[in-house]
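Enquirer: Submitted below is the structure of interest, expressed as structure tokens.
The values are calculated or read from the model by the stated rules, or taken from the named source; none is laboratory data. Worth saying up front: this structure is predicted, and the values here are computed from it rather than measured. A quick note on method: Cβ atoms are made from the backbone with ideal geometry, for glycine too, and the neighbour counts reach across all protein chains shown. To get the accessible areas, we keep the full protein, side chains included, count just its heavy atoms, and leave off ligands, DNA and RNA. Shrake-Rupley method; radii C 1.70, N 1.55, O 1.52, S 1.80 Å.
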Amino acid sequence: MIEMKMFIKFKGMIRRLILPVEVTRISIYLLVCGQVACSKPPPIPESDYQQTDALMHTVSSNISQDPLLDKVLNIDHSRLARSQGSRLAPTQVALFHNKLLESQLLQINPLIAMEFPIKLLAYQEATHGEVKLVWNDFSYLSQRYGLGEQPQLAHWYEQSIAMATQGIDESILSPLSLTRIDEAALITVSSSMDFESSLKRAVNIARDSKGVIVFDIIDFQAVAKEHGIMLPQMTLVLFGAPGPGGRAMKASQSLGLDGFPQKVLIWNDNQGNTHITYNELLLIATRHKVPINTALRIIQRRIDKAYKRSFSD
């Protein structure tokens, strides 16, 4: 009994000794977190956007003046991230069609829809402030999707890039020259539903997700019909969550070319079976030499959970 009383008394002394230390640690943490470490980063001043804004304006103007090209949309990754409390150096992407080119490529491999509309990414490097305008060259598309030798289509693709970038300083223009990837960086899930039901569910998954914006829905079958080309049903959904996306792109803004916005392709094969295809973001990141960080893992986990569970049951 005496030993028990001594133990309780000793335990109380220990708690009195420890508590001030823990309170001090918490106080220091709150002080640092509230005033320095956890404070929101200062917003990027509008003046820093001048160069990328000017590039996007030139690209948009070029596209609007060329009868072979059609503007789809521009996405300002940086400003969208800022609206969600994330800081990302100026990063913008222009998406545009060359409808005849796309339709002919889709006849060869429908999965190449994941690379269209054509994308031009303008960004200002966070470290050195250097401004770049980049795109994926045709050799990358050919390698990833097994297109083989397609000299005429390659010429049309590079010509589309040249027309959209006309008048821009050549010193900042560059096709993206990073490690190649293949179709292994695509995840395809077969759907037990018909095409229309699958498309509706895919769109609703994106729209019902917190913080997600659906940027566009592109019906490639309808695009091809404009040029007398018959394709199976295939529709691309472009979407993204600016907050997590902005944090993920901080490691490499060029991720805005391949990984963001995110894409889900709903498509029918020649037998009428419906499939859902999306990017394996972690493999995409390796192409851009980005360490696999928490933001990327969370995004990939959410996409897998949403689409694999919804269509594989």
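Enquirer: Could you list, in sequence order, all residues of the range 252-281 that are of a type outside the set (A, V, I, L, M), more than 27 Å from LYS132 (Cβ to Cβ) and surrounded by 15 or more Cβ atoms within 10 Å (Cβ to Cβ)?
Expert: Of all residues in the range 252-281, those of a type outside the set (A, V, I, L, M) come to 252-254, 256, 258-263, 267-275, 277-280.
Narrowing the set further to residues that are more than 27 Å from LYS132 (Cβ to Cβ) leaves 267-275, 277.
Across the range 252-281, the qualifying residues are TRP267, ASN268, THR274, HIS275, THR277.
Enquirer: Search the range 231-241 for residues being at pLDDT 95 or above and either open to solvent by 60 Å² or more (accessible area, probe 1.4 Å) or not aliphatic (A, V, I, L, M) (or both), and hand back the single one that is nearest to GLN271 (Cα to Cα).
Expert: Going residue by residue through the range 231-241, those that are at pLDDT 95 or above are 231-238.
Add one more test, that the residue is either open to solvent by 60 Å² or more (accessible area, probe 1.4 Å) or not aliphatic (A, V, I, L, M) (or both), and what stays is 232-233, 235.
On the way: PRO232: 9, GLN233: 11, THR235: 17 Å.
It comes out as PRO232.
Enquirer: When residues of the range 185-205 are filtered for being in contact (Cβ under 8 Å) with a residue 60 or more places away in the chain and more than 21 Å from TYR145 (Cβ to Cβ), how many remain? First the steps, then the outcome.
Expert: Narrowing the range 185-205 to residues in contact (Cβ under 8 Å) with a residue 60 or more places away in the chain: 185-195, 198-199, 201-202, 205.
After this cut, where a residue has to be more than 21 Å from TYR145 (Cβ to Cβ) as well, the list is 191-195, 198-199, 201-202, 205.
Of the residues in the range 185-205, 10 are in contact (Cβ under 8 Å) with a residue 60 or more places away in the chain and more than 21 Å from TYR145 (Cβ to Cβ).
Enquirer: So how many residues does the range 87-108 have that are of a type in the set (S, T, N, Q) and open to solvent by less than 10 Å² (accessible area, probe 1.4 Å)?
Expert: Residues of the range 87-108 of a type in the set (S, T, N, Q): 91-92, 98, 103-104, 107.
Narrowing the set further to residues that are open to solvent by less than 10 Å² (accessible area, probe 1.4 Å) leaves 91, 103.
Count: 2.
Enquirer: Report, by residue number, each residue of the range 115-135 that is modelled with pLDDT of 95 or more and in a loop (DSSP other than H, G, I, E, B).
Expert: If the condition is that a residue be modelled with pLDDT of 95 or more and in a loop (DSSP other than H, G, I, E, B), then PHE116, PRO117 are the ones that fit.
Enquirer: Sticking with this structure for a sec: Please specify each residue of the range 43-70 satisfying the condition of being part of a helix (DSSP H, G or I), touching a residue at least 40 places away in the same chain (Cβ under 8 Å) and over 17 Å from ILE172 (Cβ atoms). Working first, answer last.
Expert: Just the residues of the range 43-70 that are part of a helix (DSSP H, G or I), to begin with: 46-65.
Still in the running and touching a residue at least 40 places away in the same chain (Cβ under 8 Å): 48-49, 51-52, 55-56, 58-59, 62-63.
Within the range 43-70, just ILE63 meets the criteria.
Enquirer: Looking at ILE284, is it loosely packed, with under 15 Cβ neighbours inside 10 Å and within 14 Å of the chain's Cα centre (by Cα)?
Expert: Details: loosely packed, with under 15 Cβ neighbours inside 10 Å: no; within 14 Å of the chain's Cα centre (by Cα): yes.
Judged against the criteria, ILE284 is not a match.
Every residue, every condition in (1) open to solvent by less than 60 Å² (accessible area, probe 1.4 Å); (2) assigned to a loop (DSSP other than H, G, I, E, B); (3) at pLDDT 95 or above, yes or no:
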position: ALA113; (1), (2), (3): yes, no, yes
position: GLU149; (1), (2), (3): no, yes, no
position: GLN152; (1), (2), (3): no, no, yes
position: SER160; (1), (2), (3): yes, no, yes
position: LEU178; (1), (2), (3): yes, yes, no
position: ILE181; (1), (2), (3): yes, yes, no
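Enquirer: Of the residues ALA295, ALA306, ALA224, only one is in a helix (DSSP H, G or I) and modelled with pLDDT of 90 or more; which? Give the steps one after another, and end with the answer.
Expert: Working: ALA295 fails: modelled with pLDDT of 90 or more; ALA306 fails: modelled with pLDDT of 90 or more.
None of the others qualify; the one that does is ALA224.
Enquirer: Let me ask you something else. Tally the residues that are surrounded by 14 or more Cβ atoms within 10 Å (Cβ to Cβ), among the small types (Gly, Ala, Ser) and under 17 Å from PHE239 (Cβ atoms), restricting the search to the range 63-85.
Expert: 1
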